[in-house]
Amino acid sequence: MKAAVFYGPRDLRLEERDVPQVKDGEIVIKVDTSGLCPTDVKIYKSGSDSVKPPVVLGHEFAGTVHAIGSGVKGLKEGDRVNIPADAYCGSCLMCRSGKENLCTDPLSFGYQVDGAHADYVLIPKRFVDNGGVYKVPKNVSLEVISMAEPVACTYHDIIRLKVGPGKKLLVVGDGPMGLLHVLVAKAMGCDDITLAGLIDWKLKLGEEIGAKNVILSGSETKLQDEVKRVTPNGVDATALTVVTGELVPQALKATAKGGWVSIFAGVPKGDVMTTFEPNLIHYNEVSLIGSSGYTYPEYRKAFKIVLAHEPILARLVSHRFTLDKIIDAISIWGDKEKSLKIMIKR
(Lines give C-alpha, C1' and ligand atoms only; values in the text may rest on other atoms or scores of the structure.)
Protein backbone atom coordinates (compact mmCIF):
# COMPACT_ATOMS: atom_id res chain seq x y z
CA MET A 1 0.00 0.00 0.00
CA LYS A 2 1.03 3.64 -0.40
CA ALA A 3 1.54 5.85 2.67
CA ALA A 4 2.62 9.49 3.14
CA VAL A 5 5.26 9.25 5.88
CA PHE A 6 6.51 12.31 7.77
CA TYR A 7 10.20 12.21 8.71
CA GLY A 8 10.70 15.88 9.58
CA PRO A 9 9.94 19.41 8.35
CA ARG A 10 9.61 19.45 4.54
CA ASP A 11 10.35 15.71 4.47
CA LEU A 12 7.17 13.84 3.56
CA ARG A 13 7.81 10.63 1.63
CA LEU A 14 5.37 8.49 -0.31
CA GLU A 15 6.37 4.95 0.60
CA GLU A 16 5.25 1.43 -0.21
CA ARG A 17 4.32 -0.45 2.97
CA ASP A 18 2.64 -3.70 3.86
CA VAL A 19 -1.06 -3.52 4.71
CA PRO A 20 -1.31 -3.50 8.53
CA GLN A 21 -2.21 -6.79 10.19
CA VAL A 22 -4.82 -6.79 12.95
CA LYS A 23 -4.26 -8.07 16.47
CA ASP A 24 -6.90 -8.75 19.12
CA GLY A 25 -9.33 -5.86 19.48
CA GLU A 26 -8.08 -3.97 16.42
CA ILE A 27 -9.50 -3.28 12.97
CA VAL A 28 -8.00 -2.17 9.66
CA ILE A 29 -9.79 0.38 7.50
CA LYS A 30 -9.45 0.71 3.73
CA VAL A 31 -9.40 4.49 3.38
CA ASP A 32 -11.80 6.11 0.93
CA THR A 33 -11.06 9.78 1.71
CA SER A 34 -8.71 11.61 4.05
CA GLY A 35 -9.01 15.35 4.52
CA LEU A 36 -5.99 17.62 4.36
CA CYS A 37 -6.11 19.46 7.68
CA PRO A 38 -4.25 22.76 8.26
CA THR A 39 -2.49 20.90 11.07
CA ASP A 40 -1.09 18.43 8.51
CA VAL A 41 0.34 21.37 6.58
CA LYS A 42 1.82 22.97 9.70
CA ILE A 43 3.44 19.68 10.70
CA TYR A 44 4.84 19.24 7.19
CA LYS A 45 6.29 22.75 7.16
CA SER A 46 7.45 23.17 10.75
CA GLY A 47 7.16 19.85 12.59
CA SER A 48 5.58 19.50 16.03
CA ASP A 49 6.80 18.51 19.48
CA SER A 50 3.80 16.14 19.69
CA VAL A 51 4.59 14.23 16.50
CA LYS A 52 6.82 11.17 16.71
CA PRO A 53 8.39 10.62 13.25
CA PRO A 54 8.52 8.62 11.16
CA VAL A 55 4.72 8.57 11.16
CA VAL A 56 1.98 8.53 8.54
CA LEU A 57 0.06 11.81 8.67
CA GLY A 58 -3.72 12.27 8.39
CA HIS A 59 -6.49 12.23 10.99
CA GLU A 60 -9.69 13.18 9.14
CA PHE A 61 -10.94 10.12 7.28
CA ALA A 62 -13.60 7.60 6.40
CA GLY A 63 -13.52 4.23 4.68
CA THR A 64 -14.61 0.62 4.86
CA VAL A 65 -13.69 -2.14 7.30
CA HIS A 66 -11.00 -4.34 5.71
CA ALA A 67 -10.06 -6.67 8.57
CA ILE A 68 -11.33 -7.32 12.10
CA GLY A 69 -9.35 -8.64 15.04
CA SER A 70 -10.75 -11.17 17.48
CA GLY A 71 -12.95 -9.78 20.21
CA VAL A 72 -14.35 -6.91 18.12
CA LYS A 73 -18.14 -6.90 18.19
CA GLY A 74 -20.75 -5.21 16.03
CA LEU A 75 -18.65 -4.79 12.89
CA LYS A 76 -18.19 -6.77 9.70
CA GLU A 77 -15.94 -6.46 6.70
CA GLY A 78 -17.26 -3.88 4.25
CA ASP A 79 -18.95 -1.71 6.89
CA ARG A 80 -18.62 1.99 6.05
CA VAL A 81 -17.09 3.84 9.02
CA ASN A 82 -15.67 7.08 10.34
CA ILE A 83 -13.16 7.24 13.19
CA PRO A 84 -12.30 10.19 15.49
CA ALA A 85 -8.72 11.42 15.40
CA ASP A 86 -8.00 10.72 19.07
CA ALA A 87 -8.43 7.98 21.65
CA TYR A 88 -8.20 9.32 25.18
CA CYS A 89 -6.72 7.38 28.10
CA GLY A 90 -9.74 7.77 30.41
CA SER A 91 -7.61 7.78 33.57
CA CYS A 92 -5.63 11.04 33.68
CA LEU A 93 -6.89 14.05 35.64
CA MET A 94 -8.21 15.76 32.51
CA CYS A 95 -10.19 12.72 31.39
CA ARG A 96 -11.58 12.15 34.89
CA SER A 97 -12.67 15.79 35.15
CA GLY A 98 -14.64 15.69 31.90
CA LYS A 99 -11.96 17.45 29.82
CA GLU A 100 -10.85 14.43 27.82
CA ASN A 101 -9.92 16.64 24.88
CA LEU A 102 -6.99 17.72 27.06
CA CYS A 103 -5.95 14.13 27.82
CA THR A 104 -2.30 13.89 28.86
CA ASP A 105 -1.81 10.45 27.27
CA PRO A 106 -3.77 10.38 24.00
CA LEU A 107 -3.37 8.20 20.96
CA SER A 108 -3.78 10.42 17.92
CA PHE A 109 -3.57 9.49 14.26
CA GLY A 110 -0.63 11.21 12.60
CA TYR A 111 0.98 11.95 15.95
CA GLN A 112 1.65 8.90 18.14
CA VAL A 113 0.25 6.32 15.70
CA ASP A 114 0.18 6.06 11.92
CA GLY A 115 -2.59 8.09 10.36
CA ALA A 116 -4.86 7.93 7.35
CA HIS A 117 -2.91 9.49 4.47
CA ALA A 118 -2.42 5.89 3.39
CA ASP A 119 -4.40 3.25 1.54
CA TYR A 120 -5.09 1.40 4.79
CA VAL A 121 -4.97 2.47 8.43
CA LEU A 122 -4.79 0.34 11.58
CA ILE A 123 -7.31 1.32 14.28
CA PRO A 124 -5.78 0.52 17.69
CA LYS A 125 -7.77 -1.32 20.36
CA ARG A 126 -8.18 1.81 22.47
CA PHE A 127 -10.24 3.46 19.72
CA VAL A 128 -12.47 0.41 19.39
CA ASP A 129 -12.90 -0.01 23.15
CA ASN A 130 -13.83 3.66 23.56
CA GLY A 131 -16.64 3.42 21.01
CA GLY A 132 -14.66 5.39 18.45
CA VAL A 133 -16.01 3.59 15.37
CA TYR A 134 -19.03 5.26 13.75
CA LYS A 135 -21.03 3.39 11.13
CA VAL A 136 -21.93 5.52 8.13
CA PRO A 137 -25.35 5.11 6.45
CA LYS A 138 -25.16 3.84 2.87
CA ASN A 139 -26.76 7.00 1.48
CA VAL A 140 -24.12 9.31 3.00
CA SER A 141 -20.92 10.25 1.17
CA LEU A 142 -17.74 8.94 2.79
CA GLU A 143 -16.02 12.09 1.52
CA VAL A 144 -18.41 14.29 3.46
CA ILE A 145 -18.40 12.14 6.60
CA SER A 146 -14.61 12.46 6.72
CA MET A 147 -15.32 16.05 7.82
CA ALA A 148 -16.86 14.85 11.10
CA GLU A 149 -13.57 15.47 12.93
CA PRO A 150 -13.20 19.17 12.01
CA VAL A 151 -16.94 19.62 12.61
CA ALA A 152 -16.43 18.16 16.10
CA CYS A 153 -13.60 20.61 16.78
CA THR A 154 -15.88 23.42 15.62
CA TYR A 155 -18.77 22.18 17.77
CA HIS A 156 -16.48 22.20 20.81
CA ASP A 157 -15.53 25.82 20.09
CA ILE A 158 -19.14 26.91 19.66
CA ILE A 159 -19.98 25.31 23.01
CA ARG A 160 -17.00 27.02 24.64
CA LEU A 161 -18.22 30.36 23.28
CA LYS A 162 -21.74 29.77 24.64
CA VAL A 163 -23.23 30.45 21.21
CA GLY A 164 -26.88 29.68 20.57
CA PRO A 165 -30.25 31.32 19.90
CA GLY A 166 -30.26 35.06 20.46
CA LYS A 167 -26.47 35.39 20.43
CA LYS A 168 -24.30 37.35 18.01
CA LEU A 169 -21.22 35.54 16.71
CA LEU A 170 -18.22 36.90 14.81
CA VAL A 171 -16.19 34.33 12.87
CA VAL A 172 -12.76 35.56 11.75
CA GLY A 173 -11.42 33.62 8.77
CA ASP A 174 -13.18 32.42 5.61
CA GLY A 175 -11.30 29.14 5.23
CA PRO A 176 -12.86 25.71 5.82
CA MET A 177 -12.85 26.07 9.60
CA GLY A 178 -14.40 29.52 9.44
CA LEU A 179 -17.20 28.29 7.19
CA LEU A 180 -17.72 25.27 9.43
CA HIS A 181 -18.18 27.68 12.34
CA VAL A 182 -20.93 29.42 10.39
CA LEU A 183 -22.61 26.09 9.59
CA VAL A 184 -22.40 24.68 13.12
CA ALA A 185 -23.48 27.92 14.81
CA LYS A 186 -26.46 28.13 12.45
CA ALA A 187 -27.33 24.49 13.20
CA MET A 188 -27.30 25.36 16.91
CA GLY A 189 -29.82 28.16 16.50
CA CYS A 190 -27.59 31.21 16.08
CA ASP A 191 -29.10 33.51 13.44
CA ASP A 192 -26.83 36.55 13.85
CA ILE A 193 -23.45 35.51 12.44
CA THR A 194 -20.85 37.86 10.98
CA LEU A 195 -18.10 36.32 8.86
CA ALA A 196 -14.88 38.26 8.25
CA GLY A 197 -12.46 37.15 5.56
CA LEU A 198 -10.34 38.01 2.56
CA ILE A 199 -11.89 36.22 -0.42
CA ASP A 200 -15.14 37.36 -2.07
CA TRP A 201 -16.34 33.94 -3.24
CA LYS A 202 -15.74 32.38 0.13
CA LEU A 203 -17.65 35.16 1.88
CA LYS A 204 -20.52 34.67 -0.58
CA LEU A 205 -20.54 30.96 0.24
CA GLY A 206 -20.55 31.90 3.92
CA GLU A 207 -23.69 33.97 3.34
CA GLU A 208 -25.36 31.06 1.59
CA ILE A 209 -24.46 28.77 4.50
CA GLY A 210 -25.90 31.13 7.10
CA ALA A 211 -23.86 34.28 7.74
CA LYS A 212 -26.07 37.33 8.21
CA ASN A 213 -23.22 39.79 7.58
CA VAL A 214 -19.89 39.46 5.78
CA ILE A 215 -16.84 41.70 6.09
CA LEU A 216 -14.11 41.86 3.46
CA SER A 217 -11.21 42.59 5.79
CA GLY A 218 -8.03 43.65 4.03
CA SER A 219 -4.74 44.76 5.54
CA GLU A 220 -6.00 48.33 5.92
CA THR A 221 -9.26 47.30 7.57
CA LYS A 222 -9.68 47.59 11.32
CA LEU A 223 -11.80 44.62 12.19
CA GLN A 224 -13.42 46.17 15.24
CA ASP A 225 -14.60 49.19 13.22
CA GLU A 226 -16.16 47.02 10.53
CA VAL A 227 -17.88 44.82 13.11
CA LYS A 228 -19.30 47.84 14.93
CA ARG A 229 -20.59 49.11 11.58
CA VAL A 230 -22.77 46.04 11.05
CA THR A 231 -23.31 45.23 14.75
CA PRO A 232 -23.14 48.56 16.64
CA ASN A 233 -23.10 47.04 20.12
CA GLY A 234 -20.50 44.43 19.28
CA VAL A 235 -20.86 40.65 19.27
CA ASP A 236 -21.39 38.21 22.11
CA ALA A 237 -18.64 35.88 20.92
CA THR A 238 -15.72 35.87 18.50
CA ALA A 239 -14.06 32.77 17.05
CA LEU A 240 -10.57 33.33 15.70
CA THR A 241 -10.08 30.62 13.10
CA VAL A 242 -7.13 32.70 11.92
CA VAL A 243 -4.69 34.10 14.47
CA THR A 244 -2.27 37.00 14.04
CA GLY A 245 -0.77 39.37 16.55
CA GLU A 246 -3.08 42.14 15.34
CA LEU A 247 -6.30 40.11 15.32
CA VAL A 248 -6.38 39.23 19.02
CA PRO A 249 -6.68 42.82 20.33
CA GLN A 250 -9.07 43.69 17.50
CA ALA A 251 -11.29 40.74 18.42
CA LEU A 252 -11.32 41.87 22.06
CA LYS A 253 -12.46 45.34 20.94
CA ALA A 254 -15.16 43.90 18.64
CA THR A 255 -16.65 41.78 21.41
CA ALA A 256 -19.31 43.23 23.71
CA LYS A 257 -19.08 43.41 27.48
CA GLY A 258 -19.34 40.00 29.09
CA GLY A 259 -18.51 38.29 25.81
CA TRP A 260 -16.07 35.58 24.79
CA VAL A 261 -13.13 35.40 22.38
CA SER A 262 -11.67 32.02 21.45
CA ILE A 263 -8.30 31.27 19.91
CA PHE A 264 -9.35 28.31 17.78
CA ALA A 265 -6.47 28.08 15.34
CA GLY A 266 -3.07 26.85 16.41
CA VAL A 267 0.11 28.43 15.00
CA PRO A 268 3.69 27.17 14.73
CA LYS A 269 5.47 27.60 18.05
CA GLY A 270 6.85 31.13 18.44
CA ASP A 271 5.48 32.40 15.12
CA VAL A 272 2.78 34.69 16.51
CA MET A 273 3.05 37.02 19.48
CA THR A 274 0.47 39.59 20.54
CA THR A 275 -0.09 42.43 22.98
CA PHE A 276 -3.35 43.98 24.11
CA GLU A 277 -4.68 46.47 26.63
CA PRO A 278 -5.57 44.49 29.82
CA ASN A 279 -8.41 46.91 30.54
CA LEU A 280 -10.28 45.45 27.55
CA ILE A 281 -10.63 42.30 29.63
CA HIS A 282 -10.81 43.91 33.08
CA TYR A 283 -13.50 46.54 32.56
CA ASN A 284 -15.50 44.69 29.93
CA GLU A 285 -15.21 41.27 31.54
CA VAL A 286 -14.45 39.75 28.16
CA SER A 287 -13.12 36.21 28.45
CA LEU A 288 -10.19 35.21 26.21
CA ILE A 289 -10.13 31.42 25.93
CA GLY A 290 -8.58 28.60 23.96
CA SER A 291 -10.35 25.82 22.09
CA SER A 292 -8.72 22.51 21.21
CA GLY A 293 -10.20 19.24 20.03
CA TYR A 294 -13.47 17.77 21.28
CA THR A 295 -14.91 15.33 23.78
CA TYR A 296 -16.53 12.06 22.72
CA PRO A 297 -20.07 13.33 23.49
CA GLU A 298 -19.31 16.35 21.30
CA TYR A 299 -18.07 14.10 18.51
CA ARG A 300 -21.32 12.14 18.58
CA LYS A 301 -23.31 15.35 18.21
CA ALA A 302 -21.03 16.60 15.44
CA PHE A 303 -21.47 13.31 13.57
CA LYS A 304 -25.23 13.93 13.58
CA ILE A 305 -24.72 17.49 12.33
CA VAL A 306 -22.72 16.13 9.39
CA LEU A 307 -25.44 13.62 8.55
CA ALA A 308 -28.04 16.42 8.58
CA HIS A 309 -26.00 18.87 6.47
CA GLU A 310 -24.36 16.69 3.81
CA PRO A 311 -25.28 18.88 0.78
CA ILE A 312 -23.87 22.03 2.39
CA LEU A 313 -20.67 20.33 3.53
CA ALA A 314 -20.11 18.91 0.05
CA ARG A 315 -19.95 22.48 -1.27
CA LEU A 316 -16.87 23.19 0.85
CA VAL A 317 -14.71 20.76 -1.13
CA SER A 318 -12.62 22.71 -3.63
CA HIS A 319 -9.99 20.15 -4.66
CA ARG A 320 -9.45 16.41 -4.79
CA PHE A 321 -6.04 14.80 -5.16
CA THR A 322 -4.82 11.22 -5.27
CA LEU A 323 -2.46 10.15 -2.51
CA ASP A 324 0.60 10.28 -4.76
CA LYS A 325 -0.13 13.98 -5.33
CA ILE A 326 -0.24 14.95 -1.65
CA ILE A 327 2.62 17.45 -2.01
CA ASP A 328 0.62 19.15 -4.78
CA ALA A 329 -2.35 19.22 -2.41
CA ILE A 330 -0.22 20.95 0.23
CA SER A 331 0.94 23.47 -2.37
CA ILE A 332 -2.57 24.36 -3.52
CA TRP A 333 -3.63 24.66 0.15
CA GLY A 334 -1.39 27.72 0.29
CA ASP A 335 -3.30 29.40 -2.55
CA LYS A 336 -6.15 30.90 -0.53
CA GLU A 337 -7.67 32.53 -3.62
CA LYS A 338 -8.49 29.08 -5.04
CA SER A 339 -8.54 26.51 -2.26
CA LEU A 340 -11.06 25.62 0.42
CA LYS A 341 -11.40 22.05 1.72
CA ILE A 342 -8.93 19.69 0.08
CA MET A 343 -9.52 15.94 -0.02
CA ILE A 344 -7.08 13.08 -0.64
CA LYS A 345 -8.92 10.34 -2.56
CA ARG A 346 -8.17 6.66 -3.10
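The values are calculated or read from the model by the stated rules, or taken from the named source; none is laboratory data. Quantities reported herein were computed from a predicted structural model and do not represent experimental measurements. Cβ sites come from the backbone with ideal geometry, for glycine too, and all protein chains shown count toward neighbours.
If you check Glu298, Glu285 for being more than 16 Å from Ser141 (Cα to Cα), in a helix (DSSP H, G or I) and among the acidic types (Asp, Glu), only one passes: Glu298.
The criterion of at least 2 residues that are modelled with pLDDT of 95 or more and farther than 22 Å from Glu143 by Cβ is met by the following strands (runs of 3 or more DSSP E) wholly inside segment 1-106: 2-8, 11-16, 60-68. So, Val81, is that one aliphatic (A, V, I, L, M), under 20 Å from Glu149 (Cα atoms) and in the same structural domain as Leu122 (by TED's automatic domain parsing) or not? Against the criterion (aliphatic (A, V, I, L, M), under 20 Å from Glu149 (Cα atoms) and in the same structural domain as Leu122 (by TED's automatic domain parsing)), Val81 qualifies.
Among the residues that make up segment 64-73, is at least one of them without any contact (Cβ under 8 Å) to a residue 24 or more places away in the chain and over 28 Å from Asp271 (Cβ atoms)? So far as segment 64-73 goes, yes, one or more of its residues are without any contact (Cβ under 8 Å) to a residue 24 or more places away in the chain and over 28 Å from Asp271 (Cβ atoms). Checking Leu316 against (1) out of contact with any Gly (no Cβ under 9 Å at 6 or more places or on another chain); (2) without any contact (Cβ under 8 Å) to a residue 60 or more places away in the chain, which test does it fail? For Leu316, the failing item is (2). Reported count of residues in segment 255-280, each being modelled with pLDDT of 95 or more and surrounded by 13 or more Cβ atoms within 10 Å (Cβ to Cβ), is 8. The residue list Leu183, Leu179, Leu161 contains one member that is outside the structural domain of Ile83 (by TED's automatic domain parsing), of a type in the set (A, V, I, L, M) and touching an Asp or Glu at 6+ places or on another chain (Cβ under 9 Å), which is Leu161.
Scanning segment 165-176 for residues that are buried (at least 24 other Cβ atoms within 10 Å of the Cβ) and either under 22 Å from Gly35 (Cβ atoms) or assigned by TED's automatic domain parsing to the domain that holds Thr39 (or both) yields Val171, Val172, Asp174, Pro176. Taking each residue of segment 187-209 that is closer than 13 Å to Glu337 by Cα and looking for partners that are of a type in the set (Asp, Glu) with beta-carbon atoms closer than 8 Å, six or more apart or interchain, yields Gly197/Asp174; Leu198/Asp174; Ile199/Asp174; Ile199/Glu337; Lys202/Asp174; Leu203/Asp174.
Note on segment 174-275: enclosed helices (runs of 4 or more DSSP H) holding 3 or more residues that are closer than 21 Å to Val151 by Cβ are 176-187, 200-209. Scanning segment 200-220 for residues that are crowded, with 17+ Cβ neighbours inside 10 Å and either closer than 17 Å to Leu247 by Cα or in contact with a helix residue (DSSP H, G or I) (Cβ under 8 Å, 6 or more places away or on another chain) (or both) gives Lys202, Leu205, Gly206, Ile209, Gly210, Ala211, Asn213, Val214, Ile215, Ser217.
Considering segment 225-245, the residues that are in contact with a Phe, Trp or Tyr (Cβ under 8 Å, 6 or more places away or on another chain) and among the small types (Gly, Ala, Ser) include one that is surrounded by the fewest Cβ atoms within 10 Å (Cβ to Cβ), namely Ala237.
Remark: pairs (first residue in segment 132-155, closer than 17 Å to Arg315 by Cβ; second residue surrounded by 24 or more Cβ atoms within 10 Å (Cβ to Cβ) and of a type in the set (D, E, K, R); Cβ separation under 9 Å; 6+ apart in sequence or on different chains) = Ser146/Glu60; Met147/Glu60; Met147/Lys341; Ala148/Glu60; Pro150/Glu60; Pro150/Lys341.
Please specify each residue of segment 142-173 satisfying the condition of being part of a helix (DSSP H, G or I) and closer than 22 Å to Val214 by Cβ. Residues satisfying the conditions are Pro150, Val151, Thr154, Asp157, Ile158. Residues in segment 107-124 that are touching a His at 6+ places or on another chain (Cβ under 8 Å) and assigned to a strand (DSSP E or B) were compared, and the one that is farthest from Val81 (Cα to Cα) is Ser108.
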